[in-house]
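Written out below as structure tokens is the structure these notes cover.
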Amino acid sequence: MIVVRELDDPGFALGGTVVTIGTFDGLHPGHLRLIRRACARAREERRVSVVVSFDRHPLRVLAPARVPPLLTSPRQRERVLEAEGVGVLYLLNFDAQRASQLPDDFVVDVLGARLGARHVVVGENFTFGRGAAGTARDLVRLGRSLGFSVTVERLLDEGGTPVSSSRIRASIARGALDEARELLGRPFALEGVVVSGDGRGRALGYPTANLVTSGSYVSPPDGVYAGWANVGAQWYLAAISIGSRPTFYPCGGPRLLEVHLLDVDVDLYGRSLEVAFHSRIREQRVFDDASGLVEQMGRDVLDVRTRVGAKASPWAVG
């Protein structure tokens, strides 16, 4: 898959493509339905499949105070799209000028002149252009004059309610990882860089990797979770802790994401680590002393094995 950023390559252009377009935060099954439909059409017609998205969430420009915490990092998004067989990920520069572009001008510029679209796949709630004034019906009309056809997909629903990134974010924020997994179509995962810690986990017999994650992304609430951690191309079972370590910092310490990898001890300092969540084990607790915490950590590890042990990776979860 080729990744093209409009800012880096403003003259980029293609011809005869099959396109789908959207913010695509989370790449949940509703998003993947559009992407798979576009990729299938491209294969049938021997064309290039293009996913058009943005270099930032549009609300960062339109309403910064309302920007939601994101579900996927750029690297995660690229990995998912490449696995789906997308040919080109085209990231538009979403700035004030783009936000003020009239719907017709947006279609002529992006879908027409730059991508030479021959077919476009969108959801029935798709909007575009200044003030989100353009609708899927307008896109069909414009396609007739510019020489491309349009498929408008109905929204995917779960339990009678459309699957949406906001529903998934709400599930994660309250710790309902099972529900989030059903809506997302895969376990929720966070990615961050491993930084040096105080070494307390290793001293207690449970070495942990401390991850720095961006506040731009949604996070489960404080607690202990069962899941996996990815080291290179290998997934390992993991006990995951999120919180301020109140046993050692009763007045409140920094909020950390700590990961204990089961059955392996490798130096992860400075490396990027992806952590996938299976389920919540327990809430964060204060222990009288370190020995009480160590006993509980042993039980947590057994709980991870019980919950996740037969599933070698997040993708083995049904």
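Derivation of every value follows stated rules applied to the coordinates shown; laboratory data play no part. This structure is a prediction, so every number in the text was calculated from the model and none was measured. Counting neighbours? That spans all protein chains shown, and the Cβs are built from the backbone with ideal geometry, glycine included.
State the label only: which of [x] 136; [y] 164; [z] 144 corresponds to volume of the Cα convex hull per residue in Å³ computed from the shown model?
Recomputing volume of the Cα convex hull per residue in Å³ here picks out [z].
Please turn the phi angles of the range 185-193 into ³J(HN,Hα) values with the Karplus equation 6.51 cos²θ - 1.76 cosθ + 1.60 (θ = phi - 60°), one per residue in order, whole Hz, x for glycine and proline.
x, 6, x, 5, 9, 10, 10, x, 9
Sorted by average packing, counted as other Cβ atoms within 10 angstrom per residue and highest first, what order do 41-52, 157-168 take?
Order by mean packing, descending: 41-52, 157-168.
For ASP289 and GLU44, FRET efficiency with R0 = 51 Å and r from the beta-carbon atoms, rounded to 0.05?
Rounded to the nearest 0.05, the efficiency is 0.20.
What does the highest-first list of 29-36, 108-115, 301-308 look like by mean Cβ count within 10 Å?
Packing proxy ranking, top to bottom: 29-36, 108-115, 301-308.
Would you work out if the range 90-143 is rounded, prolate or oblate? Take a ≥ b ≥ c from the square roots of the eigenvalues of the alpha-carbon gyration tensor; rounded if a/c is under 1.5, else prolate when a/b is larger than b/c, oblate otherwise.
Verdict is oblate for the range 90-143.
At a Förster distance of 35 Å, what's the computed FRET efficiency of ASP303 paired with ARG5, Cβ-Cβ distance as r, to 0.05?
My answer for the efficiency is 0.20.
With runs of 4+ DSSP H residues as the only contributors, calculate the mean residue ellipticity of the chain at 222 nm using -39,500 (n - 2.57) per run, divided by the residue total and rounded to the nearest 500.
For the chain, the value works out to -8000 deg cm²/dmol.
Label points 7 Å out from Cα along the Cβ direction at VAL140 and LEU59: separation in nm?
Between VAL140 and LEU59, the simple spin-label model gives 3.0 nm.
List the residues, sorted by chain then number, that are 5 or more residues from GLY123 or on another chain and whose placed amide H is less than 5 Å from its amide H.
Here the answer is GLU153, since their amide H atoms fall under 5 Å of that of GLY123.
List the chymotrypsin sites (Phe, Trp or Tyr not before Pro) within the range 207-296 that DSSP assigns to loop and that have no more than 15 neighbouring Cβ atoms inside 10 Å.
Of the chymotrypsin sites (Phe, Trp or Tyr not before Pro), the ones in loops of the range 207-296 whose Cβ has at most 15 other Cβ atoms within 10 Å are PHE248, TYR269, PHE287.
Run through the DSSP bridge list for the range 2-162 and note the antiparallel percent, rounded to the nearest 5.
So the antiparallel bridges in the range 2-162 amount to around 15 percent.
By how many degrees, between 0 and 90 and to the nearest 10, does the Cα long axis of helix 29-45 differ from the longest principal axis of the chain?
50 degrees
Quick one: 3J(HN,Hα) in Hz for the range 87-95, Karplus 6.51/-1.76/1.60 with θ = phi - 60°, rounded, Gly and Pro as x.
x, 9, 9, 10, 9, 6, 7, 8, 10
Any idea what the dipole of the range 2-162 comes to, in debye rounded to 20, about its Cα centre with Lys/Arg Cβ at +1 and Asp/Glu Cβ at -1?
220 debye
How would you classify the range 2-162 from its alpha-carbon gyration tensor, with a ≥ b ≥ c the square roots of the eigenvalues: rounded for a/c under 1.5, else prolate if a/b is greater than b/c, otherwise oblate?
Rounded.
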